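Remarks on the structure that follows.
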Amino acid sequence: MKRVLCIGSVTTDIIVSPVDNLPTPGTLQAVSNTASFVGGCASNAAMDLAKLGVPVTLSCLVGDDNFGNFVLEQVRASGADVSGIRKRAGVPTTSSVVCVGSDGERSFLYNPGSTSRFTLEDIPEEITDKADIVFVAGAMLLTSFDGEPCREYLRQCRKKGKFTVMDTAWDFEDRWLAKIAPCLPMLDLFMPSYCCLQLLWKSFPASCCLWQKRPVYR
């Protein structure tokens, strides 16, 4: 079976529901449910794949804090390989407060934390070498990895014969295509969400040539 390497965003999510509006400043508003989960594109993918029996490694950065310990415990319990998780003191683990409305729609209050500090140097070379599929998950939240660092990593992966994949998350800095354009020629599969694709598409026509000129390392 192919081994997958999931790289990128991880969060501790505090999910609150129902939240149809925020309380007036200085007041209190009751909710029915609160719960904590590991979230983030890379960690969710790794844990789900592990539960399906797929050999998978997660590479991400967490802080040396309670949220970081929670992430490590939950990912390890799923059966995913945690040898690629790096812990860094002085950096808070990425976290989100997820407000879920009565209609099921979600809104996020997001602390970029460790995900925004994740760099190319945080990926051990040996876990890349062992992988058959390399999945960069949560692009556009990886502030220190997005763009040229990610492009160079994907280029090396393709030279080694890896199948390269990317998905995207919501860009709270509103730069969108500028963050991922250098990486597109290095991808075998690009799978943004529908809402992200709508925003990316505004800039795509001028960059469609990226796909036609993609080098192939096989």
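Please treat every number below as a calculation from the coordinates, not as lab data. Everything numeric here is computed off the predicted structure, so don't read it as measured data. With ideal geometry, Cβ positions are generated from the backbone for all residues, glycine too; neighbour counts draw on all protein chains shown.
Where residues in the stretch 67-83 are in contact (Cβ under 8 Å) with a residue 12 or more places away in the chain and in a helix (DSSP H, G or I), which of them is surrounded by the most Cβ atoms within 10 Å (Cβ to Cβ)?
Per the criteria, the residue is V71.
Take the residues in the stretch 70-98 that are closer than 15 Å to A42 by Cα and basic (K, R), then tell me which one is farthest from the chain's Cα centre (by Cα). Top of the filtered list is R76. Scanning the stretch 99-144 for residues that are over 15 Å from G8 (Cβ atoms), under 16 Å from the mean Cα position of the chain (by Cα) and assigned to a helix (DSSP H, G or I) yields no hits at all.
Go through the stretch 155-190 and report how many residues are closer than 19 Å to V10 by Cα and of a type in the set (D, E, K, R).
4
Only residues that are polar (S, T, N, Q) and in contact with a strand residue (DSSP E or B) (Cβ under 6 Å, 6 or more places away or on another chain) were counted across the stretch 1-35, and they come to 6.
Pull up the stretch 10-44, narrow it to residues that are of a type in the set (G, A, S) and in contact with a Phe, Trp or Tyr (Cβ under 8 Å, 6 or more places away or on another chain), then point me to the one that is surrounded by the most Cβ atoms within 10 Å (Cβ to Cβ). Quick ask: steps written out before the conclusion?
First pass over the stretch 10-44, keeping only residues of a type in the set (G, A, S): 17, 26, 30, 32, 35-36, 39-40, 42-43.
From the residues that got through so far, the ones that are in contact with a Phe, Trp or Tyr (Cβ under 8 Å, 6 or more places away or on another chain) too are 36, 42.
Values: S36: 13, A42: 29.
Of everything passing the filter in the stretch 10-44, A42 is surrounded by the most Cβ atoms within 10 Å (Cβ to Cβ).
Quick one: count up the residues across the stretch 145-159 that are surrounded by fewer than 24 Cβ atoms within 10 Å (Cβ to Cβ), outside any helix (DSSP H, G or I) and in contact with a Phe, Trp or Tyr (Cβ under 8 Å, 6 or more places away or on another chain). So the count comes out to 0. Once the stretch 160-179 is narrowed to residues that are within 18 Å of S114 (Cα to Cα) and among the hydrophobic types (A, V, I, L, M, F, W, C), the residue that is surrounded by the fewest Cβ atoms within 10 Å (Cβ to Cβ) is F172. When the stretch 84-114 is filtered for residues that are touching an Asp or Glu at 6+ places or on another chain (Cβ under 7 Å), of a type outside the set (S, T, Y), closer than 13 Å to V16 by Cα and surrounded by fewer than 19 Cβ atoms within 10 Å (Cβ to Cβ), only G101 remains.
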